[in-house]
Amino acid sequence: MTRQNVVVADTKSGINVAITMTVSNSSLFTKAVKKTRETQGGCINIPPKKVGGGARINAWVDSMRASSPTRVKSAASLSDQSSWMLRHPSALNMFEQIIEASKGKQIVMFLDYDGTLSPIVDDPDRAFMSDAMRTAVRELARYFPTAIVSGRCRDKVYNFVRLAELYYAGSHGMDIKGPAKGSKYKKETKAVLFQPASEFLPMIDEVYKALLEKTKSIPGASVEHNKFCLSVHYRCVDEKKWSMLAQQVRSVLQQYPKLRLTQGRKVLEIRPTIKWDKGKALEFLLESLGFGNCTDVFPVYIGDDRTDEDAFKILRDRGQGFGILVSKIPKDTSASYSLQEPLEARTLSYYIHALILFLYLLFSSIVYTPACINYHFFFVINL
Ligand SMILES: O=P(O)(O)OC[C@H]1O[C@H](O[C@H]2O[C@H](CO)[C@@H](O)[C@H](O)[C@H]2O)[C@H](O)[C@@H](O)[C@@H]1O
């Protein structure tokens, strides 16, 4: 299967247009040409001052609307949904194939936090992961090197996950730290710490203060300091005020050409223009674990957001491992597989159990433990 991503700058709207072509000879996948108003990684061009402001703001707001799950859901027809599922089958249904592909290779796990390990909630400070999920991740890390890759600042995501044995890449990969006690998977003992955007710290602090001031009159808006980047949340902002919020953010960012804007789930993310993202963080971590040029490594990345696309794309380009997109609705993605997303509280528990099941099954097919013998028996029979 070959897949080509072509990114074309839409000079009118200031938003890039990504055209993705997937050509496959496998019966599982269909030929598809997709056009979306976003790039991989969801980058929005910050327009230069002189160009018409109104049109630009409308384009921002359009993009904010497009990322609203309810709208995307209603826009997606049933046949779109099923053809998308053919191209990105459930990781649970494809489990045997996945295990087969990883045979004899070292699996390395990369997990996004919000929307992947924790449910999406209104208050970013209350996005707790369940104890059951923590147990699943802890178990996973017993068998595979495991990293959490998040847009959040590293300390904050660590406080949610609270597992000292993991690698953490916070601030969209711009703040990477290995386990304090070293890792059993890493031969050399030198601790891993990598912060490629350190010089931006004073600027980020400055912009944080400016954004707090500019957005304080917009009910529901909040600004989160993620150390090397910032998040402007609009999940709780009335849609009628989105345009005003976009204008305020734009007015601040125009003074800082060294910062760029990307988009997540009802969040505008501001970060340095350096060429660093979750995909680069994944490569950095593989390198520091000693798997940089290895052919027998099998990285698995699970994420739900546009910024995770950078990592999915790296895996596709390397032809190693695969990405799993957590989403209930069709989205343009470089991930190979999908898992359902917890849109409603009622379906949330299903998703968490599904993910836990997937994580458990992944390691239980390789390592025999009493708790997983039943599944293994089932798995072997089904082969
Ligand atoms: O890379 P991630 O770990 O997925 O971080 C991306 C952003 O996640 C958080 O925001 C998202 O989750 C919040 C809590 O569920 C939700 O309220 C918000 O609408 C989502 O966008 C985090 O707060 C942001 O700083 C991250 O950039």
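Looking across the stretch 278-300, the residues that are within 16 Å of the ligand (Cβ to nearest atom) and open to solvent by less than 10 Å² (accessible area, probe 1.4 Å) come down to Lys278, Gly279, Ala281, Leu282, Leu285.
If the condition is being more than 14 Å from the ligand (Cβ to nearest atom) and either at positive phi or in contact with a helix residue (DSSP H, G or I) (Cβ under 6 Å, 6 or more places away or on another chain) (or both), then the stretch 110-131 contributes no residue at all. Within the stretch 79-118, the set of residues being assigned to a loop (DSSP other than H, G, I, E, B), touching a residue at least 60 places away in the same chain (Cβ under 8 Å) and open to solvent by 40 Å² or more (accessible area, probe 1.4 Å) comprises Leu92, Gly104, Lys105. Can Gly303 be described as away from the ligand (no atom under 12 Å from the Cβ) and either crowded, with 21+ Cβ neighbours inside 10 Å or farther than 24 Å from Tyr208 by Cβ (or both)? Judged against the criteria, Gly303 is not a match.
Evaluation of Arg65 against the conditions (1) open to solvent by 50 Å² or more (accessible area, probe 1.4 Å); (2) modelled with pLDDT of 85 or more shows that the sole unmet condition is (2). For the stretch 233-243, the condition of being assigned to a strand (DSSP E or B) and under 22 Å from Ile204 (Cβ atoms) holds for at least one residue. Among what's in the stretch 142-172 and is among the basic types (Lys, Arg) and not in a loop (DSSP other than H, G, I, E, B), pick the residue that is farthest from the ligand (Cβ to nearest atom). The residue in question is Arg142.
The values are calculated or read from the model by the stated rules, or taken from the named source; none is laboratory data. Since the structure is predicted, the reported quantities are computational estimates derived from the model, not experimental observations. With ideal geometry, Cβ positions are generated from the backbone for all residues, glycine too; neighbour counts draw on all protein chains shown. Keep in mind that these areas ignore ligands, DNA and RNA; they rest on the heavy atoms of the full protein, side chains included. Shrake-Rupley method; radii C 1.70, N 1.55, O 1.52, S 1.80 Å.
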